[in-house]
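Engineer: My structure is below; once you've seen it, I'll send some questions.
The values are calculated or read from the model by the stated rules, or taken from the named source; none is laboratory data. These figures come from a predicted structure and were not determined experimentally. Cβ sites come from the backbone with ideal geometry, for glycine too, and all protein chains shown count toward neighbours. The accessibility values were calculated without ligands, DNA or RNA, using every heavy atom of the protein model including side chains. Shrake-Rupley method; radii C 1.70, N 1.55, O 1.52, S 1.80 Å.
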Amino acid sequence: MSWKKTRLPLCSLVSGLMLAACGGVTDETGVEPAGAEALGTQESALDCAGASVTSLNLGSVGSWGGALSTSSEAWSVTYPANGIILEYYVDGVLRGTQPIQGDANRSGTWTFNDSPIACGSHTFQVKGYPAVFESGTPAPGRCTTGSMTKSTPFTQGCPTANLLCTQSGTTISCTGSGSGGEGGPYISYWREGVQNDSGMNYTDWEQGSGTYGLFCIPATTRDDFYRQFIYYKVKDASGVESPVRSFSRVCRY
């Protein structure tokens, strides 16, 4: 097996691996990802008197496999607005902005998708501003008054890795399993590590079965710092990974 060497602190190797980081939204939704140039507020050059968001529906919101999605929902605005500018937030962090021009009734629908979403409980929020779409202008004007905000909690399921290891003589035997999250079948991943006075060596993650065996190398007087590790994690049916479980032993007999 392939070993890698690092001088990183041991705690960095046994911490839980979580899904993380913010990805872009799908192009099909027409949503600009967070960080894109913001739509300018043009109210000083607009007639926004009386403009407001009169309805902004928010229905089901869910996350599967670390990807958030909403149902298609309706919105409407009042004259002189003829469209809406929507901002989408997850846990207070802006994840996308979407301008939508309305139909003849100054209304329309919206939907939002984004990934990745970390394991655990979150809050999704959509905020709508009345907007004026004018021909010949590169972007709609955003009215700073008359906005409406809706929010709802949602959860990304978190699988759990279960690990039990025992030692008999020079053999360490481990059994691993998964639970929770979006359910099974759970895929098992194993990794070995060795810590001694020269640093930490570890193997790459390898997919395997629910059992794993390791030969326990006896520590000598010179190698009092010698310790062996086994790391285990699972991936649930949606592809979300669990935090890492670990077992370590200084082999003496």
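Engineer: If we scan the range 225-238, do we find a residue that is modelled with pLDDT of 95 or more, within 29 Å of Gly157 (Cα to Cα) and in contact with a helix residue (DSSP H, G or I) (Cβ under 6 Å, 6 or more places away or on another chain)?
Structural biologist: No, the range 225-238 has no match at all.
Engineer: On the basis of being open to solvent by 40 Å² or more (accessible area, probe 1.4 Å) and more than 30 Å from Lys233 (Cα to Cα), does Gly141 make the cut? So that I can check it myself, show each step before the final result.
Structural biologist: Details: open to solvent by 40 Å² or more (accessible area, probe 1.4 Å): no; more than 30 Å from Lys233 (Cα to Cα): yes.
Judged against the criteria, Gly141 is not a match.
Engineer: Against the definition (assigned to a strand (DSSP E or B), closer than 30 Å to Ser121 by Cβ and either hydroxyl-bearing (Ser, Thr, Tyr) or in contact with a Cys (Cβ under 9 Å, 6 or more places away or on another chain) (or both)), how does Ser238 come out, yes or no?
Structural biologist: No, not satisfied.
Engineer: Would you please name the residue that is farthest from Val93 (Cα to Cα), looking only at residues in the range 125-138 that are in contact (Cβ under 8 Å) with a residue 40 or more places away in the chain and either part of a strand (DSSP E or B) or open to solvent by less than 30 Å² (accessible area, probe 1.4 Å) (or both)?
Structural biologist: Val132
Engineer: Now for a separate question. Collect the residues in the range 126-166 that are farther than 23 Å from Thr78 by Cβ and touching a Lys or Arg at 6+ places or on another chain (Cβ under 6 Å), keeping them in residue-number order.
Structural biologist: Once the filter is applied, which keeps residues that are farther than 23 Å from Thr78 by Cβ and touching a Lys or Arg at 6+ places or on another chain (Cβ under 6 Å), the range 126-166 yields Ala161, Leu163.
Engineer: Do the conditions hold for Ile117, that is, is it part of a loop (DSSP other than H, G, I, E, B), open to solvent by less than 30 Å² (accessible area, probe 1.4 Å) and either in contact with a strand residue (DSSP E or B) (Cβ under 7 Å, 6 or more places away or on another chain) or modelled with pLDDT under 95 (or both)?
Structural biologist: It is true that Ile117 is part of a loop (DSSP other than H, G, I, E, B), open to solvent by less than 30 Å² (accessible area, probe 1.4 Å) and either in contact with a strand residue (DSSP E or B) (Cβ under 7 Å, 6 or more places away or on another chain) or modelled with pLDDT under 95 (or both).
Engineer: Next question. Might you let me know whether the range 146-160 holds any residue that is under 30 Å from Pro80 (Cα atoms), open to solvent by less than 60 Å² (accessible area, probe 1.4 Å) and in a loop (DSSP other than H, G, I, E, B)?
Structural biologist: Looking through the range 146-160, at least one residue is under 30 Å from Pro80 (Cα atoms), open to solvent by less than 60 Å² (accessible area, probe 1.4 Å) and in a loop (DSSP other than H, G, I, E, B).
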